[in-house]
1. Is it true that residue 122 is in contact (Cβ under 8 Å) with a residue 12 or more places away in the chain, open to solvent by less than 50 Å² (accessible area, probe 1.4 Å), in a helix (DSSP H, G or I) and touching a Phe, Trp or Tyr at 6+ places or on another chain (Cβ under 6 Å)?
2. Among the residues that make up the stretch 356-369, is at least one of them open to solvent by 20 Å² or more (accessible area, probe 1.4 Å), in a helix (DSSP H, G or I), farther than 30 Å from residue 135 by Cβ and among the hydrophobic types (A, V, I, L, M, F, W, C)?
3. Which one of the conditions (1) among the basic types (Lys, Arg); (2) touching a residue at least 60 places away in the same chain (Cβ under 8 Å); (3) farther than 30 Å from residue 313 by Cα does residue 145 fail to meet, given that it meets all the rest?
4. Take residue 107 and decide whether it is open to solvent by 10 Å² or more (accessible area, probe 1.4 Å) and part of a loop (DSSP other than H, G, I, E, B).
5. Whether any residue in the stretch 304-312 is among the basic types (Lys, Arg) and either in contact (Cβ under 8 Å) with a residue 40 or more places away in the chain or assigned to a loop (DSSP other than H, G, I, E, B) (or both) is what I want to check.
6. Name the single residue that is farthest from residue 247 (Cα to Cα) among those in the stretch 280-298 being outside any loop (DSSP other than H, G, I, E, B) and open to solvent by 50 Å² or more (accessible area, probe 1.4 Å).
7. Residue 261: within 18 Å of residue 159 (Cβ to Cβ) and surrounded by fewer than 20 Cβ atoms within 10 Å (Cβ to Cβ), yes or no?
8. For residue 116, indicate whether it is open to solvent by 50 Å² or more (accessible area, probe 1.4 Å) and either within 25 Å of residue 295 (Cα to Cα) or within 11 Å of the chain's Cα centre (by Cα) (or both).
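The values are calculated or read from the model by the stated rules, or taken from the named source; none is laboratory data. Note that the structure is a prediction, hence the values are computed from the model and not measured. Cβ atoms come from the backbone with ideal geometry, glycine included; neighbour counts cover every protein chain shown. Remember, those area values only see protein heavy atoms, side chains included, never the ligands or the DNA or RNA. Shrake-Rupley method; radii C 1.70, N 1.55, O 1.52, S 1.80 Å.
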Amino acid sequence: MDVGVICGSRVSHDRAGVDEIEDAAGEDVRAVVETLLDSEGVSEAFAIQTCNRAEAYVVAESTARGRRALEAVHGDAPDDAVVETGHEESLRHLIRVAAGLESLVLGEDQILGQFKRAVEIARNAGALGATLEIGLTKAVHVGERARTETEINEGAISIGSAAARLAETEIDLDGSTALVVGAGEMGKLAANALADAGVAELTVANRTVPHAEHVAETVETPARAVSLDAVADALDGADVVVTATSHPEYLLDPDDVGEAGETLVIDLAQPRDVHPDAAELEEVVVHDIDALESVTEETKAARKAAAEEVEAMIDAEFDRLLDTYKRRQADEAISTMYEAAEQVKSREVDTAISRLEAQGELTDEQRETVESMADALVGQLLAAPTKSLRDAATEDDWSTIQTAMALFDPEFGESRTSIAPGSRRERNGREAGDDRKTEASATDAAGDCETKQSGDEEVPQYALESASDD
């Protein structure tokens, strides 16, 4: 087992517009994950795609192979829109995403649900091994803590409600007619926000009509449900239209929108539901998700104090996560060392017993004495190296660990890349705080990671008895 190195690549709202995010997104998350897994040298993969981001991560045997794999999924995006991250930067960023600190609407709840679904997709695709599983589980854990222990999501502002606020700045929603295309989480939030803003009549369109009916039943205003085939008719008389589907192609073209007359259209979908040429029509005002920036700035200011609390939480949890990885790396080296010693011990014990039996038959007690003596010798001889390796992991002394792996594991190749901070490389946008040095001990982190990893259970019992820190 080798930990490997995590490489990440992302195109998100902080550096890219809707077009660039569209170019960077794959057909769907499952397809992206499977493409990454098929890449040479990649053992694990994860991807998350929302209206604000297209991100992909791999665990690879080297940074170079990880970068090559990621180019296959984000290759169409312009270079200045792509941010590449190394091992630690990727882990910290994933935690920030789940906590809502990287969202367009700071602290919004929807991203955590989207994150969990992306994790489940990768898990079902067989793309998660121990390395990503640990990091993603920690990210979800921190995301949940952020929302229960701070006020980062105070007021429950979402992309959907931000769209309603944007609409209010352009037209009077009180007594107006609205059309929401899409009955997913974002569509539901937009529908409720529009109803709360005073819309007099609401139509919800969706491919699956029962889902649209469910959303229509939840809003506190007269509402009806229609199929996507009836969207063109529903546009007639609609003062404001909010689209939020996952449809791979445009649902509304300029002709559809043009026939509706004076209309405000807010397209929240990724990829977009409304053809860009619709914005050229005189009577139609079209906004995409980039236009929400002014609305979301107010939310950032209101949640600034809570964001600082979440940042401190992330710092502490990130240090614990690194300690978990360090302990795992050290235990891998220790396990390899004891496995090599066990092979030598077994061979020599067999030889010794054969020679003794040539001098006379041995009793079971005598055999046990010989084997116990061999176990004690191995345990005593390796006790000091065991402690040294654990200390090396705590002190970020990865050269010592790699030397031990090379000595005791003939298949441990030099191309393998450790999780040392020095191995990371970032092309664009180094995040502040990623260079903080971890001070917590590996022992303290033993119970902090939600996914238990093998360590002591792989080491022979006699090793545990002799490898104390005394």
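1. Details: in contact (Cβ under 8 Å) with a residue 12 or more places away in the chain: yes; open to solvent by less than 50 Å² (accessible area, probe 1.4 Å): yes; in a helix (DSSP H, G or I): yes; touching a Phe, Trp or Tyr at 6+ places or on another chain (Cβ under 6 Å): yes.
For residue 122, the condition - in contact (Cβ under 8 Å) with a residue 12 or more places away in the chain, open to solvent by less than 50 Å² (accessible area, probe 1.4 Å), in a helix (DSSP H, G or I) and touching a Phe, Trp or Tyr at 6+ places or on another chain (Cβ under 6 Å) - is met.
2. Here is the first cut: in the stretch 356-369, the residues open to solvent by 20 Å² or more (accessible area, probe 1.4 Å) are 356-369.
Next, only the ones that are in a helix (DSSP H, G or I) stay: 356-358, 364-369.
Filter again for farther than 30 Å from residue 135 by Cβ, leaving 356-358, 364-369.
Next, from what is left, pick out any that are among the hydrophobic types (A, V, I, L, M, F, W, C): 356, 358.
Looking for residues that are open to solvent by 20 Å² or more (accessible area, probe 1.4 Å), in a helix (DSSP H, G or I), farther than 30 Å from residue 135 by Cβ and among the hydrophobic types (A, V, I, L, M, F, W, C), one finds at least one in the stretch 356-369, hence yes.
3. Failing condition for residue 145: (3).
4. On the way: open to solvent by 10 Å² or more (accessible area, probe 1.4 Å): no; part of a loop (DSSP other than H, G, I, E, B): yes.
Judged against the criteria, residue 107 is not a match.
5. Within the stretch 304-312, the subset among the basic types (Lys, Arg) is 304.
Still in the list and also either in contact (Cβ under 8 Å) with a residue 40 or more places away in the chain or assigned to a loop (DSSP other than H, G, I, E, B) (or both): none.
No, the stretch 304-312 contains no residue that is among the basic types (Lys, Arg) and either in contact (Cβ under 8 Å) with a residue 40 or more places away in the chain or assigned to a loop (DSSP other than H, G, I, E, B) (or both).
6. Initial filter on the stretch 280-298 (outside any loop (DSSP other than H, G, I, E, B)): 280, 284-298.
With open to solvent by 50 Å² or more (accessible area, probe 1.4 Å) added as a condition, the list becomes 280, 285, 290, 293-294, 297-298.
Numbers: 280: 23, 285: 22, 290: 19, 293: 24, 294: 27, 297: 29, 298: 30 Å.
Among those residues, the one meeting the criterion is 298.
7. Details: within 18 Å of residue 159 (Cβ to Cβ): no; surrounded by fewer than 20 Cβ atoms within 10 Å (Cβ to Cβ): yes.
It is false that residue 261 is within 18 Å of residue 159 (Cβ to Cβ) and surrounded by fewer than 20 Cβ atoms within 10 Å (Cβ to Cβ).
8. Working: open to solvent by 50 Å² or more (accessible area, probe 1.4 Å): yes; either within 25 Å of residue 295 (Cα to Cα) or within 11 Å of the chain's Cα centre (by Cα) (or both): yes.
In short, yes.
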